[in-house]
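Accompanying notes for the structure given below.
Readers should treat all values here as calculations from the given coordinates under stated rules, not as data from a laboratory. None of these values were measured; they are calculated from a predicted model.
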Amino acid sequence: MAERGAIASGWTARLAGALLCLGVAAVHVVDQGGVPGSKTPRYIAVLYYALEIAAVVTAVLLVVGIVRLGWFLALGVGIGPIVGYVLSRGPGLPDYRSDIGNWAEPLGLFSLVIEGLLVVLSATCFLRRPRTDALHPGS
């Protein structure tokens, strides 16, 4: 019975992680003005696309049970945009200065909440997972 509870909590965490990843992708699609979006300079748009694709792939990995890699990638999906937020609002990025000092943008703050929750969840699950996921992919 304890094993059944562990499997259920593992599935619950994976589902929550997948939904948070999809939330990160959705926020960035909205922020860029849809798909293909209108973010400039071009490298910012490419970074948004890469994040959105990584978030969807990570969500799929977590749902299908590729857990260790999924949690590792989820850390990046959460940490990457947090770093981008700080850099774009703080010192600014090359050819991208429009967000400097814009710390209280509602969509940005909402994104930080989702990303922060994802980082906490993925770090917790990644660090507590045994390295034998290849032997037990659904756990």
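Any chance you could give the angle, 0 to 90 degrees and rounded to 10, that helix 2-31 forms with the longest Cα principal axis of the chain?
Once rounded, the angle reads 10 degrees.
Relative to the longest principal Cα axis of the chain, at what angle does helix 106-128 sit, 0 to 90 degrees, rounded to 10?
Value to nearest ten degrees: 30.
Using only Cα atoms and rounding to the nearest 10 degrees, what angle (0 to 90) does helix 42-64 make with the longest principal axis of the chain?
Here the helix axis deviates by roughly 10 degrees.
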